[in-house]
Amino acid sequence: MKKPSAGALLLGLVPFAAMCFSVPLWDRIYPMLFGIPFNLFWLISWIVLTTICMWAAYRVETAQKKKARETR
Amino acid sequence: MSPAAVSLAMIFAIVAIGVAIGFLAGVHRKMDLEQWTVGGRGFGVVLVFLLMAGEVYTTFAFLGASGWAYSRGGPTLYVLAYLTLAYVVSFFILPQIWELGRRHGMQTESDFFSVQYRNKYLAGFVCLVGIVSYIPYLQLQLTGVGIIVSIASFDGIGRTPAMAIAVVLLVAFVFASGVRAVAWVSVVKDALMVLAAISIGIGIPLIHFGGIGPMFAALAHSRPSHLTMPGATANLGHRWYVSTVLLTSLGFYMWPHSFAAAFTAKSADTLRRNAVVMPLYTLTLAFIFFAGFAAVLIVPGLPNGDLALLTVVRMSFPPWFLGVIGGAGALTAMVPASIFILSAATLFAKNLYRPVFAPTMTDDQVAKLARATVVVLGVISFCLAVFGSTTLVSLLLTGYAGVTQFFPGVVLGLYWKRVTMPAVFASMIAGVMAAVFLMLSHRDPVFGLSAGFLALCLNFSITVFVTLATPALRMDLIHAQQDTK
């Protein structure tokens, strides 16, 4: 069975670092952005950014699959 | 008509439309076991997406998340993180699970364990833990319906009769139509839910404060500590946040219904693409948070935070709109509840009772047993909902503490060839027992960490330790040998 590539795994770790492990860095009210407390704003932005990260991971995976097929 | 009659009529109309769609989806199909539980395996990409998405927004998201925003404050933000990160996890495990599922004809999570580790007792144990974990999740949905109906009736109908009506409707609904109905009703449910979330998330701050910005400014001025962690709690700080986000995002696809939904996909690639798009679905929840935070200033001092959202809606909008929100909320409880009760009943009859106790049962007898189990589970969760008094979020976290214990067995089974059956079985038992002990003795959180997460860590380390301490069994060679036979 095919394992996910290291590149895709790294891209998957980015949202975990941003939304989970780094919580002490962004869990505050100020600066408020668009009238929303900073922590809430941070998480909402990362919902969108996570989709971008996973799209990149998807590209990495499909590119590798293609390469594997060509070398075969 | 009195305001209560208007809002109740609206709720019943919406639920009736939903149920009617469900019944229509089930008509003209012969209901054998296969059709009833996996829709005859004929679901296209769209129906699979609807089924998966239909499971995401439950009463937990609607009343529970806003309830915690109201009563706990900052810690509730974990919900936004965990739902998003769960899809990230899915990107790395679901395609591989799908691949194995196709090769071995798996239908359930328990099949995965029985194929991967070749032990029917381990597979049976997975079923048992899965079924027991569903009970608090079902209790959560019924409690939600009770809250919705009693608030919409302006406290005219008590919570217990409301829940009794809900459980009868639920069982009738599942009996009549199975999984196909659920997928179709979730179309109605999700459309209403998104509409409801956005209109109350923008509307409530606008009506009472003149906008979302002024609302947060007022809250940051009068209750600054409410907006960050640990908010209004003593022990739900950053350590709790990290451990709970890990527990729930890793556990999300360990729920048997979510795990099994992967098998219905057309290809592994579909699941990867699904993982890219699904995080955006979490954005709706932000609006529900706006409403929950607004409630802190509008209706302070409610006895139970889970009442906050609808109490504010009742104050801010006309009764018919309260009915629309209540109807959306009621469907939001009933659709996932039918999925859970269906998955749990099927697991019990097909993957636990038949293989372990009665190998000679026919498919027809299994279907009958599954239906009887639906009723039993409905009654159990109804009783718990009537007598229980915990918040909706706590109920969900209890369920997660159970199902996340499957994670080491699934992930190591996929990626570590050396892992052995005794290691997985022993550590899963240890993990479940640790979670049960910590939860029942009210030690959650322990040392500032989520109890379920601590049990998961114990589980993981025992799996690794026992595997390394026992001679290599090379499960992959055993599989290869058995496959060639």
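Here, each number is a calculation from the coordinates, and none is a lab measurement. What you are looking at is a predicted structure, and each value in this text was computed from that prediction instead of being measured. With ideal geometry, Cβ positions are generated from the backbone for all residues, glycine too; neighbour counts draw on all protein chains shown.
What the table below lists for this structure:
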read-out	value
Nearest-20 debye value, the protein assembly as shown charge dipole, Cβ charges on Lys, Arg, Asp, Glu	1300
Of A:LYS3/A:LYS67; A:LYS67/B:LYS266; B:LYS189/B:LYS368, pairs whose Cα-Cα distance is over 26 Å	B:LYS189/B:LYS368
Rh by Kirkwood over Cα pairs, then Stokes-Einstein D for region B:180-326 at 1.306 mPa s and 10 °C, µm²/s	88
Mean separation of Cα contacts under 8 Å (6+ apart) over length of region B:396-474, as relative contact order %	45
Rounded to 10°, Cα long-axis angle of helix B:45-56 versus longest principal axis of chain B	60
Virtual paramagnetic centre 7 Å along Cα→Cβ of B:LEU195, amide N under 20 Å, in region B:318-359	B:318-336
Estimated Rh, region B:274-365: Kirkwood, alpha-carbon pairs, angstrom	17.1
Positive-end residue, the protein assembly as shown charge dipole about Cα centroid, Cβ charges, pick of A:THR62, B:GLY448, B:PRO256	A:THR62
Convex hull volume per residue for region B:335-471, taking Cα atoms only, in Å³	153
Electrostatic dipole magnitude of region B:177-312 [Cβ: Lys, Arg +1; Asp, Glu -1; Cα centre; debye, to 20]	260
Residue-averaged beta-carbon neighbours from other chains (10 angstrom radius) around A:12-19	5
Two-site label geometry, A:LYS3 and B:SER441: point separation in nm, points 7 Å out along Cα→Cβ	3.9
Region B:67-187 pair-distance distribution - Cα-Cα, 10 Å bins, rounded %	10, 21, 36, 24, 8, 1
Stokes-Einstein diffusion coefficient of region B:424-465, Kirkwood radius over Cα pairs, 37 °C, 0.692 mPa s, in µm²/s	328
Rg(Cα) / (2.2 N^0.38 Å) computed for region A:25-72, rounded to two decimals	1.87
Between helix A:6-16 and chain A: long-axis angle, C-alpha atoms, 0 to 90°, nearest 10	20
Average partner coverage of A:20-31, which counts Cβ from other chains inside 10 Å	5
Distant-in-sequence amide H partners of B:VAL446 (H built 1.01 Å from N, under 5 Å)	B:ALA451
Other-chain or far-sequence residues with amide H under 5 Å of A:LEU33's (modelled H)	A:PHE38
Value at 222 nm in deg cm²/dmol, rounded to 500, when DSSP H runs of n ≥ 4 in chain B each add -39,500 (n - 2.57)	-25000 deg cm²/dmol
Share of alpha-carbon pairs per 10 Å distance bin for the protein assembly as shown, given as whole %	4, 18, 29, 28, 16, 5, 1, 0
Relative contact order (%) - criterion: Cα under 8 Å, at least six apart; region: chain B	31
C-alpha long axis of helix B:159-209 to longest principal axis of chain B, angle in °	50
Percent RCO, i.e. relative contact order, over region B:61-180, from Cα pairs under 8 Å lying at least 6 residues apart	11
Principal axes of region B:376-440: Cα extent on each, largest first, Å	47, 25, 19
For q = 0.08 Å⁻¹, Debye-computed log10 I/I(0) when each Cα of chain B counts as one equal scatterer	-0.47
Averaged over B:274-282, number of beta-carbon atoms from partner chains that fall within 10 Å	5
